[in-house]
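The structure under discussion appears below in the form of structure tokens.
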Amino acid sequence: MMIKKILTLVLGLSLLCITPVIADGLDADTALLMHMDGADNGTTFSDSSTSNNKGNATVYADAVTKTGTKKWGTASGYFDGNADYLSYADDADWHFVADDTQDYTIDFWAKFTDHTASECFLETYNATGPYYFDFRHNDGTGLRLFLQVGGSIKINASGAEITDTDWHHIAICKVTSGGPTVEWGVYLDGTQTIYGSDNTEAAPTSILSIGADVVGNSGFAGNIDEFRIQKSNIFGAAPNDTPNDTITVPTAAYSEAEARRIMNVIN
């Protein structure tokens, strides 16, 4: 028994030493976390967040998981650009501009198949108003962050075109510093490329779509992995209008469960 306890302690200390290589980023502020794991050509896309799990996404057209192409885990989500997308019903967790004191981080990995036309990564939308929160990549101009509330366009900023078919980490960071000033930064592979500032507060009912806009238009052609919505400034971003801020690019899939799993095996 004493030997077992000593072994458990030693292995536990070893686990603490290797913790930095197990990415965190899954905590009480995680509103949605989609590892995009599954079987080849699978049609189940699950939320792995713990505090307010949203269950499985509704799948439209031919969106599937692909095991042959992924950043981490067993698979990634594949979208062919032709009306493929995932959707979740309205939820306060993606009312991104409801509160000018609430920070947000939206990040994911993307790998393009091609770079034609306009390809939407994510959107929340309500025709009444209208209200748009839209993030996409346009051929020729690059990433674009767009926010419209009512008849007023609040943010319409572009920058950093992706021209290859490699994996890229993309993050949208809303930083409030407790309000009322709200600053937005878009980061490509850790480097800020877009800046916007607006403290409008609005919380219309909004469906969340991933891989196309909410009606399946402007579809993204390629793979998405490790898609997360975080209700915090988890990267410690400080967007500015130069722009020249940087964040640390994650080096592993977001997880708090892996450390617990290892300890359970030990015990």
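Rule-based calculations on the coordinates, nothing more; no lab input. Note that the structure is a prediction, hence the values are computed from the model and not measured. Here Cβ is always computed from backbone atoms with ideal geometry, including for glycine, and neighbour counts include all displayed protein chains.
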Checklist entry - How much length is gained if the chain between residue 44 and residue 215 is pulled fully straight, taking 0.36 nm per residue apart and subtracting their Cα-Cα distance, in nm to one decimal? => result 59.6 nm
Checklist entry - Each label point is 7 Å from the Cα along the Cα-to-Cβ direction; what then is the distance between the points at residue 200 and residue 238, in nm? => result 2.9
Checklist entry - So how far, in whole Å, is the C-alpha centre of the stretch 110-133 from the one of the stretch 82-96? => result 11
Checklist outcome for this item: Using alpha-carbon coordinates alone, the radius of gyration and Dmax of the stretch 24-250 in Å work out to 16.0, 46
Checklist outcome for this item: The helix 257-266 Cα axis meets the longest alpha-carbon principal axis of the chain at an angle in degrees, between 0 and 90 and rounded to 10, of 10
Checklist entry - With +1 on each Lys and Arg Cβ and -1 on each Asp and Glu Cβ, how big is the dipole of the stretch 122-229 about its Cα centre, in debye rounded to the nearest 20? => result 340
Item to check | For residue 84, residues with placed amide H under 5 Å, excluding near neighbours | outcome: 62
Checklist outcome for this item: note: the stretch 98-166, Cα-Cα separations exceeding 20 Å make up a percent value of 36
Checklist entry - What is the set of long-range amide H partners of residue 75 at a cut-off below 5 Å, with H atoms built 1.01 Å from backbone N? => result 38
Checklist outcome for this item: When all Cα-Cα pair distances of the stretch 137-267 are considered, the percent exceeding 24 Å is 39
Checklist entry - Over the Cα atoms of the stretch 172-237, what is the Rg over Rh ratio if Rh follows Kirkwood? => result 0.99
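Charges at C-beta only: +1 for Lys and Arg, -1 for Asp and Glu. How large is the resulting dipole of the stretch 24-250 about its Cα centre, in Debye rounded to 20?
Values: 11 positive and 33 negative charges, 23 e Å.
The calculated dipole for the stretch 24-250 is roughly 100 debye.
Need one number for the stretch 52-113: average projected area of the convex hull over its C-alpha atoms, nm². Don't jump to the answer; show the numbers that get you there.
Numbers: hull surface 22.9 nm².
Over every viewing direction, the Cα hull of the stretch 52-113 projects on average to 5.7 nm².
Past 18 Å, Cα to Cα: identify those pairs from 70/174; 71/174; 154/231; 174/231; 154/174, in the order given.
Working: 70/174 27 Å; 71/174 25 Å; 154/231 21 Å; 174/231 9 Å; 154/174 14 Å.
With Cα atoms farther than 18 Å apart: 70/174; 71/174; 154/231.
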